[in-house]
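Some notes on the structure that comes next.
The values are calculated or read from the model by the stated rules, or taken from the named source; none is laboratory data. Note that this is a predicted model, so its numbers are computed, not measured. Virtual Cβ from ideal backbone geometry, glycine too; neighbours counted across all protein chains shown.
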């Protein structure tokens, strides 16, 4: 074999090895960020703060890519339809019939995803404590106590077919209910408010839990920041809870 052909073979083998060793792409990268009125809310805790229950790589992909994709899409919609950014998110999602038909489904999906994830990052954190005060009283009154509540919530999340969310909704009287929604639909669409919710799209858990959604649902409770949930509960009763 000539030196030149041997060199070519060595380079080809090196290229094949490099491709095999390249990191897997676990999620679609967001399209280039579009400047506009919608912005990705930063996390208020380190990206690894929820480990081992939610790993840092999942948090990075989930927040920086998936949520950013919703923001990018909304800003693209807003270029030709600035009215979607002139009202609170709850008002837009609560009256989708007023959104131009050409972008209505896109706004429902992407603004719903923005609302859901904004809530999701907010109600999680390290050292979340336990529910107390009015929130605990509401759980006991409306959901049968903490143990039954968590069991029923996890079961509802496990029954979501495909991608979606499991929520605890709250009304202005403070009454709680467990509900599920498909895709990125938010309870605001039905005139309700989410007190808390868990994302059961596979991108929220697949790196660590693969197909074991039940394990993820159980572990997720270790990440809930009950002080933030209490703040949301008080805002819901005051009629000031946004997303």
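Of all residues in region 168-182, exactly one satisfies the criterion of being in contact (Cβ under 8 Å) with a residue 24 or more places away in the chain and farther than 21 Å from residue 231 by Cα, namely 180. Scanning region 183-202 for residues that are within 14 Å of residue 157 (Cα to Cα), touching a residue at least 40 places away in the same chain (Cβ under 8 Å) and not in a loop (DSSP other than H, G, I, E, B), we see that the one that is nearest to the chain's Cα centre (by Cα) is 199.
A quick yes/no check of all residues on (1) assigned to a helix (DSSP H, G or I); (2) crowded, with 20+ Cβ neighbours inside 10 Å:
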site	(1), (2)
42	no, no
45	no, no
60	yes, no
91	yes, no
97	yes, no
116	yes, yes
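Looking across region 212-222 at every residue that is surrounded by fewer than 20 Cβ atoms within 10 Å (Cβ to Cβ) and either in contact with a helix residue (DSSP H, G or I) (Cβ under 9 Å, 6 or more places away or on another chain) or in contact (Cβ under 8 Å) with a residue 12 or more places away in the chain (or both), the one that is nearest to residue 128 (Cα to Cα) is identified as 222. The selection criterion, being within 20 Å of the chain's Cα centre (by Cα), under 18 Å from residue 216 (Cα atoms) and in contact (Cβ under 8 Å) with a residue 40 or more places away in the chain, does not hold for residue 118. Residue check: is residue 58 farther than 25 Å from residue 241 by Cβ and touching a helix residue (DSSP H, G or I) at 6+ places or on another chain (Cβ under 8 Å)? Yes.
The listed residues are 53, 67, and the only one of them that is in contact with a helix residue (DSSP H, G or I) (Cβ under 6 Å, 6 or more places away or on another chain), crowded, with 16+ Cβ neighbours inside 10 Å, assigned to a helix (DSSP H, G or I) and at pLDDT 50 or above turns out to be 67. Is region 157-167 home to any residue that is in contact (Cβ under 8 Å) with a residue 12 or more places away in the chain, assigned to a helix (DSSP H, G or I) and in contact with a strand residue (DSSP E or B) (Cβ under 8 Å, 6 or more places away or on another chain)? Within region 157-167 (the criterion being in contact (Cβ under 8 Å) with a residue 12 or more places away in the chain, assigned to a helix (DSSP H, G or I) and in contact with a strand residue (DSSP E or B) (Cβ under 8 Å, 6 or more places away or on another chain)), the answer is yes, since at least one residue qualifies.
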